[in-house]
Amino acid sequence: MSQEENKQNLYEGMYVISSTLSEEARKKALDRIEKGITDHGGEILKIHEQGRRRMAYAIDGHREGHYFLLYFNVEASAINEMWREYHLNEDLIRFITLRTDKVREKLEFKSLAEQ
């Protein structure tokens, strides 16, 4: 395995969990995501719970989802395996994982006029 594959990178992951779940079931779904990261040698640095939101379009019949933004470190080689596990998680409606350069302690969004 190359040194690049063993290097831990900082990632930003957005997860949309089914809004039809109870609070306890939603917590278990998030715990499953967190466990997937830590089981692959990763470390969770920050979790932003964004709450329940209406989606721009329906995904598999879901019009709303509960959004979470996680910042975590993990080896690059673990990402593909984590994605395979995410696809098996029926409570997870949608996800995206991006490499990032810093953990955002506070989420702020500019208005369209400011962009």
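Bear in mind that the values in this text are calculations on the coordinates, not laboratory data. Here the structure is a predicted model, which means the values were calculated and not measured. Virtual Cβ from ideal backbone geometry, glycine too; neighbours counted across all protein chains shown.
Restricting attention to segment 8-30, does a residue exist that is over 11 Å from the mean Cα position of the chain (by Cα), closer than 24 Å to LYS102 by Cα, part of a helix (DSSP H, G or I) and of a type outside the set (Ser, Thr, Tyr)?
no
All but one of (1) assigned to a strand (DSSP E or B); (2) surrounded by 13 or more Cβ atoms within 10 Å (Cβ to Cβ); (3) more than 13 Å from the chain's Cα centre (by Cα) hold for GLY41, so report the exception by its number.
(1)
Does segment 66-105 hold any residues that are in a strand (DSSP E or B) and exposed (fewer than 15 other Cβ atoms within 10 Å of the Cβ), and which are they? Working first, answer last.
Step one: list which residues in segment 66-105 are in a strand (DSSP E or B), which gives 66-75, 92-99.
ILE96, LEU98, ARG99 - these are the residues of segment 66-105 that are in a strand (DSSP E or B) and exposed (fewer than 15 other Cβ atoms within 10 Å of the Cβ).
Considering only segment 53-65, state which residues are surrounded by 12 or more Cβ atoms within 10 Å (Cβ to Cβ) and touching an Asp or Glu at 6+ places or on another chain (Cβ under 8 Å). Talk me through it step by step, then tell me what you get.
As a first pass, look at segment 53-65 and keep what is surrounded by 12 or more Cβ atoms within 10 Å (Cβ to Cβ): 53, 55, 59, 62, 64-65.
Matches in segment 53-65: ARG53, MET55.
Could you check, for segment 29-47, whether at least one of its residues is of a type in the set (Gly, Ala, Ser) and without any contact (Cβ under 8 Å) to a residue 12 or more places away in the chain?
no
Go through segment 60-85 and give me each residue that's in contact with a Leu (Cβ under 8 Å, 6 or more places away or on another chain) and touching a residue at least 60 places away in the same chain (Cβ under 8 Å).
Result: TYR71, PHE72, ASN73.
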